[in-house]
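The values are calculated or read from the model by the stated rules, or taken from the named source; none is laboratory data. What you see is a predicted model; the values in this text were computed from it and never measured. Cβ atoms come from the backbone with ideal geometry, glycine included; neighbour counts cover every protein chain shown. For the accessible areas, the whole protein counts, side chains as well, though only heavy atoms, and no ligand, DNA or RNA atoms are used. Shrake-Rupley method; radii C 1.70, N 1.55, O 1.52, S 1.80 Å.
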Amino acid sequence: MPDGGVQDVEVPARVNAVGDRSARSAGLAGVREYRSVLVPVAFVVAVLLGVAIGYVTADRQSGTVHAPRTATSPAPELTPALRTAPWEGARRPGTAHQMRVLDEPDPDALRLALSWTVADSIKAAGGASTISARQVTIVNGMYFGAVEGVDAAHDEYWAIGRIEVQGPATPPVDPHVWRRIGAGPWTIVRNGPRACDVLPSALITLWKVSPPPCTG
């Protein structure tokens, strides 16, 4: 019968269409499930790859780990090497000592540290922004002394002097009084009139007079 023939053709076609849709739906579900697993795996691989690249490209020169410099870290020029204090073996905290710049491991480094503090002071006051420590000279006749602490970390080193500045910067008013505690940085304690009032009385007693830089 012709109608039956038509039915024989159409019915399988419908069945096949439904089967194709079922297969397609199952395939899409599989792809979505595969992607849901692939995304986190790819993320983990990317993280591990980034860590590996960072480790390989890190600065490992001479096996040294370089600590980051911060805004408050003192410049190394401000902390020249110190000789072992002569009183180290028999401390008497509070005792004053006359010091000699030439006895230090590097006298030039000591003077440079003091000059560096002056250059920084000029910049901080809004002076010449390009001034360097090399443009600041500590005039001859500087006084240098120390007061014993309970240990090396509390020893106080004092310097009193006058300065000269090359270039357009206006020099800070003399005299200058510097101090260093232990192996810390040299700093300007005070400058200008009455700056020497901050000096420890033990040093004044040792020197018997006010240091000449204090009096002009």
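Brief remarks on what is shown
- Some residue of the stretch 159-169 being among the hydrophobic types (A, V, I, L, M, F, W, C) and more than 29 Å from the chain's Cα centre (by Cα): no
- Residue within the stretch 115-138 that is of a type in the set (Phe, Trp, Tyr), at pLDDT 95 or above, in contact with a Pro (Cβ under 7 Å, 6 or more places away or on another chain) and closer than 29 Å to Asn191 by Cα present: no
- Count of the stretch 200-216 residues which are in a loop (DSSP other than H, G, I, E, B) and open to solvent by less than 70 Å² (accessible area, probe 1.4 Å): 3
- Take the conditions (1) at pLDDT below 80; (2) on the phi > 0 side of the Ramachandran plot; Gly141 misses just one of them, which is (1).
- Tally of residues being over 24 Å from the mean Cα position of the chain (by Cα) and either more than 23 Å from Asp151 (Cα to Cα) or among the polar types (S, T, N, Q) (or both) across the stretch 73-107: 5
- Qualifying residues in the stretch 134-158 (those that are within 28 Å of the chain's Cα centre (by Cα) and of a type in the set (Phe, Trp, Tyr)) - the one farthest from Val198 (Cα to Cα): Tyr157
- Taking the criterion of being free of Cβ contacts under 8 Å to residues at least 12 places away in the same chain and either among the β-branched types (Val, Ile, Thr) or in contact with a His (Cβ under 8 Å, 6 or more places away or on another chain) (or both), the residues of the stretch 171-216 that qualify are Ile204, Val209, Thr215.
- The numbered conditions (1) aliphatic (A, V, I, L, M); (2) outside any loop (DSSP other than H, G, I, E, B); (3) more than 25 Å from Thr130 (Cα to Cα) are all true for Ala183 except (2).
- Of the residues making up the stretch 95-109, one or more are surrounded by 18 or more Cβ atoms within 10 Å (Cβ to Cβ), of a type outside the set (Lys, Arg), touching a helix residue (DSSP H, G or I) at 6+ places or on another chain (Cβ under 7 Å) and closer than 25 Å to Asp197 by Cα.
- Tally, over the stretch 81-111, of residues that are without any contact (Cβ under 8 Å) to a residue 40 or more places away in the chain, out of contact with any strand residue (DSSP E or B) (no Cβ under 9 Å at 6 or more places or on another chain) and farther than 16 Å from Gly141 by Cα: 8
- When the stretch 138-162 is limited to residues that are β-branched (Val, Ile, Thr) and crowded, with 17+ Cβ neighbours inside 10 Å, the one that is farthest from Met99 (Cα to Cα) turns out to be Ile138.
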